[in-house]
Amino acid sequence: QIGKIHVNKSQKGNRLLDLLQNVEYMFENVAADYVFGGQSCALFLSCKYHLLYGHYISNRMRQIKSFRNKILLVLVDVEHNSHIIRELSQLTMHHDFTMILAWSLPEAARYLETFKLYDGRGSEMLRHKPKEEYTEQVTESITTVRGVNRTDARVLLENFETMRGVMNASSEELSICPGVGEKKVKRLFSTFTQPFIPTK
Amino acid sequence: MSLAFHREIVSELLDEDGLTVISRGLGLHKIILSLIRLYADSKEVVFVLGVPDEEQELFVEELIEEGVPAQNLPKTSMTGEAVQDRYKLYVAGGVMFATPTSLIMDLLYKRIHPQQIKGFIITNAHRRHIRLLMTDTSTESFIVRLFREGNKRGFIKGFSENPEGFTSTFNHVQKVMKYLFVRKLWLWPRFRDRVDENLKSHTPDVIELHQPLTPTMVKIQDAILEIIDACLKQLKLSPHLDIETMTLEECLFREFDVITRQQLDPVWHKVHKQTKSLIEDMKNLRRLLDQLLYYDCVTFYRHLELLRLRDTSEHTPWLSMSATDTLFRMTKQRVFIPKRVAKDDHNEKSKKKIKTPTKKDGGPIIDLETIDPNLVEILGEDSRTSVAESENSMENSAENSLENSMENSLDSSKGSIDVETSEKVSVDVEVSEKTSIEATTVVVVDETKQEETIPEGSQTVDSTENSQKISGRDEADSDFIPVLEENPKWVLLSEVLGEIRQEQSTTDDRSPVIIKIRDERTSHQLQEFLRMGSKSMLEALLHSYLVSKKEREEEMKARQELEASIMSNYNASASNHTMKVAQRIAAATHKKNSKKNVKKPPRKRASVSPNYGNLLKMFDSSQHVKSVHRKTKPVKKTVIEIHDEGEPEEKKIEDEDLDLRPEPPKKMEYSKEKEHIFYVSGNKKILEEVRPRYVIMYDGDISFYRKLEVFKAENPGVPLRIYWLWYDESIEERKYMTTIDKEQKSFERLIAEKANMIVPIEQDGKTEITLPQDLLPQSNRKGGKIANVPTNKGKKILVDSREFRSALPSILHSKGFDILPHSLDVGDYILTPDVCVERKSIPDLYQSFASGRLFNQATQMCRHFKRPALLIEFHQDKPFNMQEEIPERINSSAIHSKLVLLTYHFPLLRILWSRSPYSTVEMFEDLKNGMEDPDSSHIGVIHTADELIDSHEDVLRTLPGINSTNVGEVMAKVHNLAELSTLSLDKMVKLLGKKNGEALHHFMNHKGRVEFENAVE
């Protein structure tokens, strides 16, 4: 039972359900449309439906209280939708729902599956993985300067050996590096030497 | 200002506001100068935007010379200047060069009122708008709008020397005019009658000299073109690019980058890696075309090698092309060639041949085409590749043979001959010889001794002498001989100089000759050439190249030893040896650092020192050239060897370093005494000051040529002859022609556009508050109701100053919001005391998910605000959806998975989905509706910003050991990045804690070069 999405009976006939391939579901008497676990649930809304029954969704949202994560999964199936999205944004902000947009049924189904599967999963996937590789680190740092590319990063390190060398090079020294033109020299030099805090 | 058309331009400008587009080189500088002069003593401020720093200085100098009193000179508001000072300057009035970013802050903070501004002079009016798709949202247009809203009288004058900039997109010029609030467009192409009349009367005497490229250069050029063409074809297959009609010709210009970037930027996260690297490759290849003409052969070779290093590790389809093969081979051939071929051509004379630098046609240029291309290893001359690989790498070993032989001459001079190992070595010698047999005549060693089994992990490369080789030296010594092809223009240049000197000797004219070149590098190169001749110059370059290569290999060797010894000592746990090796490496590092202290120039040209003589001798006599070899060798042995060659050498380096080091390229200085002056660009007054009679166009430049035309017309009495040096049939010529052609076509288009242009009378913004049409909301549901008197008047939004790079702040302001720029540590927009918004464009979203940045940002927002929100902003020209394929299975790297996880971990975080910046503004309106304004004093996470934060902070944040919690402290305690990089380990640990400090110290001081080549990406 735990491995299944609990689906509100009102969702019977929603084609979304046919597209759930990676998780199972069962109909249950629940307040929300889809319940993934004790903490999280979702309401499903298609924009077409919303255009017809404008008050429906806010009523539903008002009824759902006891979840930590409340999702409004919106199927964007109307062409001119910006006013709908705008309105729904307002509603979700007001009712403490988080809005997720899907542009197709398979996409919406994928969201449901993922919500079920990732319920209770840790945040490692979102965290910064420090770049282990020295080369990558250097490239990342140097290419942060606008207009400077990976090749330049290589050339620079090749010429100055260390990052310390690169950062302490004079403009003249920088300009000798093949492929590093005047503009780049200027940008690099000023990036390395410009004070962090402007001198008063 | 003596020419009639100059006067006309200024007089039309004085009557009315407008945009002036003028051909390059026709004297825009003078026009701006006269305007600055005119407003110098104005009571109110006149801002000049878009003038580069050097030119600002030049303006000031020129005005000083004209005797403009100090208080009336233009002021420069450099970034980083304190607010109070700027305030004073604003009150004082007069002309000011401003940076848009600081000016926009001051206008928004009302440090300057529009009424205090007399007007704007905006140069490079086209510029910002090539990159930004939305012309009306650039910072300049924001500034001008703020100005026009608060000041109906002031003037706005825009300038550009770049007509192409206005024709890149449809109606561009009208959009620019709209944002400038001007109604007039003046066009001054070179072909306009009044310009032509002025210049035609006295034209300089032009002698065009066409110099053919050497056959190798032609082959290289053709090869590069072929590769670019192939890349283009490949690129056309990309679904994200619409470049069907693009020709090879068009790829040769920078506009190509602009166009591709424009098309790809909004979908950058989706663009296939291969497409990205294709674009990057094409950029590099295009540069190679130029570099072929102006780098010397050694530098070019070196540069190409670097490119290749990058490419071995990345996905680059062009590497497998046959043209690529030609490119690498020919490039190498300009530097050195295998001796066998030289011998074939010149029989026994090869030794003598070495002495003569190869001339264009006469030299021993050989055709390697006959050699089985499979044997021509073009990827990794790098000796770290496995032996197995090197079996195939004839060229590889052949090349190394030259280098190693030179290194050997180093070694031998120290007498570290290792005869004992000769048996073992011979095995390896043989391996290498087998590989190089196709290309080189080498002494054949006992084939029977060959062992195929070479233990893995213990391979090292070294150069050792051995008896067999010594005995066979006569034949084997010079497998490779330097060719060192000189650039054809060098010879031409010295001939022309000679001719001029001869002519000068008959008259009493002693004015220096001006040589127009493209950059400082060329100036340095030509100075060296004229001083020491091409031969010794190129030899020195080759020499330094080889030495740096040797150094690199040594370092690598030491590293491998360390690894190997760790391996070998693993079981015995006898770490003594490892320690020793580690010390060696440390010592080597130390040596390098100490060298750095003597201010060694980066190319290490100088560090060659101790064996300088020897190596040069080698060029002459080729006594020590031997064949390359790979070998297996007991690790210990190698260690000792390195040790032997150690310290004494280094000491010498430090001493001699100073003498041999070439003068670093200095800023162009010139005096009338000099015979010739190398001129790059910048000093616009050089012609007036030098009054040259002879100018050599070493690198053709249309803008400089026009300057000469103008100068000649202004000074009809001074005879002026221009020698124009061309590479015949070269890319240089083609590019020049295309440039002229494009300029002309652009002007023609602008003329046509101007003829049909209907400019509304209120476009000058002087009558009432008008918002440019584009700023109105895109979908207005209130059918027909004409939009809207802004209802957001006075509502405050705190905006992170970095956000000013995007369109949103400008649009928010146009909707009546009060924009307060701050440097926000958390979020991008703070709408109410509770609501904080982090804005992400789609590519940003992907990128910040990948880097983990979004996680940190969300954490911070949720910590400090009750109602944080992530705003996902789509690009208005792209479809409004994620455009993501739904794979069969749930994939942790999919954007859906990440969004789901984000909502789970930040239940407080709301997500706003916005179609475009205009939708965003509407959402902000909703969110602010009836809410309190944010107050910066309530929130501890922000501080006022006077400047846009520059990339130095962004770079800082990428450094290992730096994170969002310590970045502020680092910035407070350390002056700049350069200083940070030099901190000792202790200090870094003190600053950042042990782990972070060590990480940062390692990052700064680690020698990354070696890993570069092995990097797998």
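The values are calculated or read from the model by the stated rules, or taken from the named source; none is laboratory data. Everything quoted here is computed from the prediction, not taken from an experiment. FYI the Cβ positions are ideal-geometry reconstructions off the backbone, even for glycines, and counts take in every protein chain you see. Just the protein is used for accessible areas: all its heavy atoms, side chains included, with ligands, DNA and RNA removed. Shrake-Rupley method; radii C 1.70, N 1.55, O 1.52, S 1.80 Å.
Of all the numbered requirements in (1) without any contact (Cβ under 8 Å) to a residue 40 or more places away in the chain; (2) open to solvent by 50 Å² or more (accessible area, probe 1.4 Å), B:ASP265 misses one, and that requirement is (1).
A residue that is modelled with pLDDT of 85 or more, open to solvent by 40 Å² or more (accessible area, probe 1.4 Å) and outside any loop (DSSP other than H, G, I, E, B) occurs somewhere in region B:999-1017. Here B:HIS905 qualifies as touching a residue at least 24 places away in the same chain (Cβ under 8 Å), on the phi < 0 side of the Ramachandran plot and at the interface with chain A (Cβ under 8 Å from one of its Cβ atoms). Residues that are aliphatic (A, V, I, L, M) and within 31 Å of the chain's Cα centre (by Cα) occur at least once in region A:146-163. Looking across region A:113-143, the residues that are over 30 Å from A:VAL7 (Cα atoms) and either open to solvent by less than 10 Å² (accessible area, probe 1.4 Å) or part of a helix (DSSP H, G or I) (or both) come down to A:TYR134, A:THR135, A:GLU136, A:GLN137, A:VAL138, A:THR139, A:GLU140, A:SER141, A:ILE142, A:THR143. A single member of B:THR832, B:THR739 is modelled with pLDDT of 80 or more and more than 38 Å from the chain's Cα centre (by Cα), and it is B:THR832.
When you scan region B:789-798, do you find a residue that is open to solvent by less than 50 Å² (accessible area, probe 1.4 Å), at pLDDT below 80, in contact with a helix residue (DSSP H, G or I) (Cβ under 6 Å, 6 or more places away or on another chain) and not polar (S, T, N, Q), even just one? No, there is no match, as no residue in region B:789-798 is open to solvent by less than 50 Å² (accessible area, probe 1.4 Å), at pLDDT below 80, in contact with a helix residue (DSSP H, G or I) (Cβ under 6 Å, 6 or more places away or on another chain) and not polar (S, T, N, Q).
Yes/no matrix, rows are residues, columns are (1) of a type in the set (Gly, Ala, Ser); (2) at the interface with another protein chain (Cβ under 7 Å from one of its Cβ atoms):
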site	(1), (2)
A:MET125	no, yes
A:GLU140	no, yes
A:THR143	no, no
A:ALA153	yes, no
A:LEU157	no, yes
A:MET167	no, yes
A:SER170	yes, no
A:LYS184	no, no
A:GLN194	no, yes
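A quick yes/no check of all residues on (1) more than 8 Å from chain A (Cβ to nearest Cβ); (2) charged (D, E, K, R); (3) in contact with a strand residue (DSSP E or B) (Cβ under 6 Å, 6 or more places away or on another chain); (4) at negative phi:
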position: B:VAL835; (1), (2), (3), (4): yes, no, yes, yes
position: B:TYR846; (1), (2), (3), (4): yes, no, no, yes
position: B:LEU854; (1), (2), (3), (4): no, no, no, yes
position: B:THR859; (1), (2), (3), (4): yes, no, no, yes
position: B:LEU871; (1), (2), (3), (4): yes, no, yes, yes
position: B:LYS898; (1), (2), (3), (4): no, yes, no, yes
position: B:LEU909; (1), (2), (3), (4): no, no, yes, yes
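Can you tell me which residue is nearest to the other protein chains (Cβ to nearest Cβ) among those in region B:873-896 that are touching a residue at least 12 places away in the same chain (Cβ under 8 Å) and of a type in the set (S, T, N, Q)? Result: B:GLN883. Restricting attention to region A:144-168, the residues that are within 25 Å of B:GLU969 (Cα to Cα) and either assigned to a loop (DSSP other than H, G, I, E, B) or open to solvent by 50 Å² or more (accessible area, probe 1.4 Å) (or both) total 6. For region A:170-189, the criterion of being open to solvent by less than 40 Å² (accessible area, probe 1.4 Å), under 16 Å from B:MET1004 (Cβ atoms) and free of Cβ contacts under 8 Å to residues at least 40 places away in the same chain is met by no residue.
Scanning region B:17-55 for residues that are in contact with a strand residue (DSSP E or B) (Cβ under 9 Å, 6 or more places away or on another chain), on the phi < 0 side of the Ramachandran plot, in a loop (DSSP other than H, G, I, E, B) and of a type outside the set (A, V, I, L, M) yields B:ASP17, B:SER23, B:ASP41, B:SER42, B:LYS43, B:GLU44. Filtering region B:307-342 to residues that are touching a Pro at 6+ places or on another chain (Cβ under 9 Å), modelled with pLDDT under 60 and open to solvent by 10 Å² or more (accessible area, probe 1.4 Å) leaves only B:VAL341. Of all residues in region B:677-719, those that are basic (Lys, Arg) and within 33 Å of the chain's Cα centre (by Cα) total 4. May I ask you to say which residue of A:VAL74, A:VAL30 is within 14 Å of chain B (Cβ to nearest Cβ) and either touching a residue at least 60 places away in the same chain (Cβ under 8 Å) or among the hydrophobic types (A, V, I, L, M, F, W, C) (or both)? One residue alone meets the criteria, A:VAL74. When the residues of region B:233-251 are filtered to those that are over 25 Å from the mean Cα position of the chain (by Cα) and loosely packed, with under 13 Cβ neighbours inside 10 Å, the one that is farthest from B:ILE731 (Cα to Cα) is B:PRO239.
Scanning region B:911-933 for residues that are in contact with a Lys or Arg (Cβ under 7 Å, 6 or more places away or on another chain) and more than 7 Å from chain A (Cβ to nearest Cβ), we see that the one that is most open to solvent (accessible area, probe 1.4 Å) is B:ASP933. For region B:270-292, the criterion of a residue being under 18 Å from B:TRP726 (Cα atoms), surrounded by 16 or more Cβ atoms within 10 Å (Cβ to Cβ) and more than 14 Å from chain A (Cβ to nearest Cβ) is satisfied by no position. With respect to being at the interface with chain B (Cβ under 7 Å from one of its Cβ atoms), farther than 14 Å from A:SER46 by Cβ, surrounded by fewer than 17 Cβ atoms within 10 Å (Cβ to Cβ) and in contact (Cβ under 8 Å) with a residue 24 or more places away in the chain, A:ARG68 fits the description.
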